[in-house]
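Student: Encoded as structure tokens, here's the structure I'll be asking about.
The values are calculated or read from the model by the stated rules, or taken from the named source; none is laboratory data. Every value quoted in this text rests on a predicted model; they were computed, and no experiment measured them. Neighbour counts are summed over all protein chains in view; Cβ atoms, including those assigned to glycine, are modelled from backbone coordinates with ideal geometry.
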Amino acid sequence: MDTQLKRGVLEICVLAAMRDEDAYGYKIIKDLSPFMEVSESTLYPILKRLEQSGCVTEYSVEHNGRLRKYYRITQTGHERISEFLSDWGSVMRAYNFIRGDESNDKK
Amino acid sequence: MTKNEYLKMLKRELRPIKRAEREKSLAYFGELIDDRMEDGLPEETAISELESVSDAAQRIIAEASAQGLLRAKHSVWEIILLVLGFPLWFPLLLTVAVVVFTMYALVWILIGTLLLVSVSLAVGGAAAVIGMFFSGSISTAFVCLGIGLVSAGLGVALFIPALLIARAYARATPIILNWLINRKVGKSNE
């Protein structure tokens, strides 16, 4: 997949992974693994960017004698998911157009 | 590979990044490994399932570079200042090194003194015990014996702890050296 497109989709996937409950790094990777392969070093900058853009907030909780960092989706993050879903219609139209062009070429 | 080895290698690879950011990345990876192990994976498997250190480092450095989080390299002016300031910083550095070395040597001198005192007490005690045979009266002989035994006893009692302290300090020497070097490198990485 194109890097830019993959990055954009991944950001939304990461946001979606914490939509129902706050999540930590390993949980996000595990939850996304059936749908998308995410490496540790790919997730790290995504989380940072999401935090910088105000889509998530982070906090640490003591867990089994160590600190575990949790991420919580903000209102901006929820809006970002909604935007993505509403934009997807136009992306699909473009996708169908591209597919149609390709099949026309083959004929 | 163990968790510590992985993180140590990653730390080395992430040297171009600013210290605070590097520590954050290491904490993130450390947490991921802990979570994998807590999920039931043995340490070796938890590490082997991670991406390679160089791949991880490459991505993190690329991201840090895009965000301007790389460590600043010395500018030409800094190098010129460093060269011109040599007459000032070199004697200062030398003084600090001499002071540190003196403090280290001082402890050896104290340990050496303690050892010498204990040996002197033991030898003096033995001499006093032998001296009792050459004393003129029985009462003097008993005084010599008493002093001799007390002195020799103190000598032996002091010698063992002095030897233990000397051994412990000798063992601590590489640790102290390592700490001093790390402190110096750590500061220069800021």
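Student: Which of (1) surrounded by 14 or more Cβ atoms within 10 Å (Cβ to Cβ); (2) among the small types (Gly, Ala, Ser); (3) within 30 Å of the chain's Cα centre (by Cα) does residue B:126 not meet, given it meets every other one?
Tutor: (3)
Student: Given the conditions (1) under 11 Å from the mean Cα position of the chain (by Cα); (2) away from chain B (no Cβ under 11 Å); (3) hydrophobic (A, V, I, L, M, F, W, C), report the number of the one that residue A:92 does not fulfil.
Tutor: (1)
Student: I'd like to verify a number: residues in the stretch B:15-33 that are under 12 Å from residue B:70 (Cβ atoms) and within 11 Å of another protein chain (Cβ to nearest Cβ), how many?
Tutor: 1
Student: If you don't mind, another one. Of the residues that sit in the stretch B:34-77 and are more than 11 Å from every other protein chain (Cβ to nearest Cβ) and under 23 Å from residue B:3 (Cα atoms), which one is surrounded by the most Cβ atoms within 10 Å (Cβ to Cβ)?
Tutor: The residue in question is B:47.
Matching residues to (1) touching a helix residue (DSSP H, G or I) at 6+ places or on another chain (Cβ under 7 Å); (2) more than 14 Å from chain B (Cβ to nearest Cβ):
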| residue | (1), (2) |
| --- | --- |
| A:4 | no, no |
| A:17 | yes, yes |
| A:28 | yes, no |
| A:41 | yes, no |
| A:60 | no, no |
| A:68 | yes, no |
| A:79 | no, yes |
| A:85 | no, yes |
| A:88 | no, yes |
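Student: Would you please list the contacts, defined by Cβ atoms under 9 Å and residues six or more apart or on different chains, that run from a residue in the stretch B:87-104 that is in contact (Cβ under 8 Å) with a residue 12 or more places away in the chain to a residue that is surrounded by 10 or more Cβ atoms within 10 Å (Cβ to Cβ) and of a type in the set (Val, Ile, Thr)?
Tutor: Taking only residues 6 or more apart or on different chains, the pairs are B:104/B:173; B:104/B:176.
Student: Could you please let me know if residue B:80 is assigned to a helix (DSSP H, G or I) and away from chain A (no Cβ under 14 Å)?
Tutor: Judged against the criteria, residue B:80 is a match.
Student: Being assigned to a helix (DSSP H, G or I), modelled with pLDDT of 90 or more and out of contact with any Phe, Trp or Tyr (no Cβ under 9 Å at 6 or more places or on another chain) narrows it down to one of B:146, B:131, so name that one.
Tutor: Selected residue: B:146, the only one of B:146, B:131 that is assigned to a helix (DSSP H, G or I), modelled with pLDDT of 90 or more and out of contact with any Phe, Trp or Tyr (no Cβ under 9 Å at 6 or more places or on another chain).
Student: Residue check, residue A:55 against (1) over 12 Å from the mean Cα position of the chain (by Cα); (2) away from every other protein chain (no Cβ under 11 Å), all met but one. Which one?
Tutor: Unmet for residue A:55, out of (1) over 12 Å from the mean Cα position of the chain (by Cα); (2) away from every other protein chain (no Cβ under 11 Å): (1).
Student: Any residue at all in the stretch B:90-102 that is in a helix (DSSP H, G or I), surrounded by 12 or more Cβ atoms within 10 Å (Cβ to Cβ) and within 14 Å of another protein chain (Cβ to nearest Cβ)?
Tutor: Checking the stretch B:90-102: not a single residue is in a helix (DSSP H, G or I), surrounded by 12 or more Cβ atoms within 10 Å (Cβ to Cβ) and within 14 Å of another protein chain (Cβ to nearest Cβ).
Student: Next question. Write out, first by first residue and then by second, each pair whose Cβ atoms fall under 6 Å of each other, whose residues are 6+ apart or on separate chains, and whose first residue, in the stretch B:67-78, is touching a residue at least 12 places away in the same chain (Cβ under 8 Å) while the second is exposed (fewer than 10 other Cβ atoms within 10 Å of the Cβ).
Tutor: none
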